[in-house]
Amino acid sequence: MKDDFLTSQKVADALSKMRVKACTLEELEFTKQEMDELISATGNIKYNASNKTYYITQYNEKNYEIISFASKDTITEKWLELSDIYFGSTFCDMDTLKYVLDLAKEAGYTNVHISGDLCAGHPKYKKQDLYLTAKTAQEQADVAIEVLSQYPEFKYYCINGERDVSFEKNGSINPIVLVQRGLAEKGVEFHHINEFVANLVIHGVVKKMQHGTGKLAYTKSYKIEKEMWQQFENVTDNVRIENRNYNIRFVQFGHYHVNSLQILGGIIITSTAGMVFDDKGVLNENTTYPTAKFSEATFKRGKVIKFVTENVVSPKKVIM
C-alpha cells in the first residue's frame, strides 16, 4: 500500500458510492490512473471484469475492514459505541437506546459500533427463558430490525457476543445474521463480523472491537480492569493488513456492563454499561444504568492528534 495518495472529496464521494453498490469507472468520474491508484492504496477494492464494475470487499478472511486510509489531511471521525443491547428481553432499555440513537442522529453521527450481545440469547441458556420477550433467533432479530431500521443513516458494525452465539450452540442460527439480512432488505448498512474480536481501520489506525476476553466468558469470571491491562501488555502495538502495519489506538469492550475509560501506553480503551439494567431487574445502589459513548477523534497521517468521548446515560429511571 502507498502511504499517501488521493485524499480529495472526490475520492471520499467515490468510496461512499461504492459502499452502496458496485460502480463503473464512468459513474465514479475517475481517470483510469486515479482508479488504479485508489485500488493500490486501499487494498479492498476489486474489479468485476464481466460487468466492468468496481466494488468494495468489506472484510477479508481476518474480519478487517479498511474504512479509510492514512490521510495527509486532518480528518475528524465520530462514532457511537454500544454494547449488550439484549434485543428480545425485559432487560433491554428500549427508551434509552432510542434516546441515544436520536441524539447521535441529531449530532450527525454515521457510524455505530456494537461490541457484542446484540440479542438476548437462546431460552435454554442460563435460564434466559425467565426474562425473554422473544425466544427464537428470528423473533429477537425482528425486534432489532424494527428498531435499527428507523435509523437508516447509520452504518452499523457488530461483533458476536456469547448470547448471540448461544443460538449456534443449540443448533439454531446466530440472530445477528438475520439482523444483517433483514436490514439489507431495507437498505440499511449493517456489518456482522462473525467473531468476538474485530479490527476496523479508521484513517490509518486500528480500532479493535472486542467482546469480553475475545472468547466465551462470563462477567463474574473476569474483571474488565484485568482484561484492559492484559490487552495493553500483550498487544504488539500494530496489526499487519495487506502488507502494511497499522497502529492499534482504540479498543472497545462489551460484555462487562461497566462504564470505563483508560488510556494505557497511547491506547484508548473504552467500555460501556450496555443498554440493559442488571440481571436482578431492580433499581438500587448496585444497579447498572444503561450508558453509551459518543466518541470523536481527529487523525492526520495515521496518528490520533485529538480524542474526546462523552457518556450518555438513561434520561429517566425505569421501574421494571
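The values are calculated or read from the model by the stated rules, or taken from the named source; none is laboratory data. Just so you know, these numbers come straight off a predicted model, no measurement behind them. Reconstructed Cβ throughout: ideal geometry from the backbone, glycine too, with neighbour counts over all protein chains shown.
Checking the condition in contact with a strand residue (DSSP E or B) (Cβ under 6 Å, 6 or more places away or on another chain) and not β-branched (V, I, T), which residue from D164, D142, D95 passes?
Checking each option against the conditions leaves just D164.
For the list (1) at pLDDT below 90; (2) of a type in the set (A, V, I, L, M); (3) over 15 Å from the mean Cα position of the chain (by Cα), I need the number of the one condition that L183 fails. Here L183 clears every test but (1).
Hey, could you check region 148-160 for residues that are surrounded by 16 or more Cβ atoms within 10 Å (Cβ to Cβ) and not aromatic (F, W, Y) and say which is farthest from the chain's Cα centre (by Cα)? Step through it out loud before you land on a result.
So the first thing to find is which residues in region 148-160 are surrounded by 16 or more Cβ atoms within 10 Å (Cβ to Cβ), and the list is 148-149, 151, 154-160.
From what's left, not aromatic (F, W, Y): 148-149, 155, 158-160.
Details: L148: 14, S149: 16, K155: 9, C158: 4, I159: 7, N160: 10 Å.
Ranking the qualifying residues of region 148-160, first place goes to S149.
Once region 70-100 is narrowed to residues that are among the acidic types (D, E) and part of a loop (DSSP other than H, G, I, E, B), the residue that is farthest from Y131 (Cα to Cα) is D73.
Taken as a whole, region 161-174 holds no residue that is crowded, with 22+ Cβ neighbours inside 10 Å and within 27 Å of M18 (Cα to Cα).
The set of residues in region 259-294 being assigned to a loop (DSSP other than H, G, I, E, B), touching a helix residue (DSSP H, G or I) at 6+ places or on another chain (Cβ under 9 Å) and at pLDDT 85 or above consists of M275, P290.
Considering the conditions (1) modelled with pLDDT under 90; (2) more than 14 Å from the chain's Cα centre (by Cα), R163 is excluded by exactly one of them, (1). Residues that are farther than 12 Å from N160 by Cβ and in a loop (DSSP other than H, G, I, E, B) within region 170-195 comprise N170, G171, S172, I173, K186, G187, V188, E189, listed in sequence order.
Quick check on region 101-137: of everything there that is in a loop (DSSP other than H, G, I, E, B), of a type outside the set (S, T, Y) and under 16 Å from H255 (Cα atoms), which residue is nearest to the chain's Cα centre (by Cα)? Applying the filter and picking the extreme gives G116.
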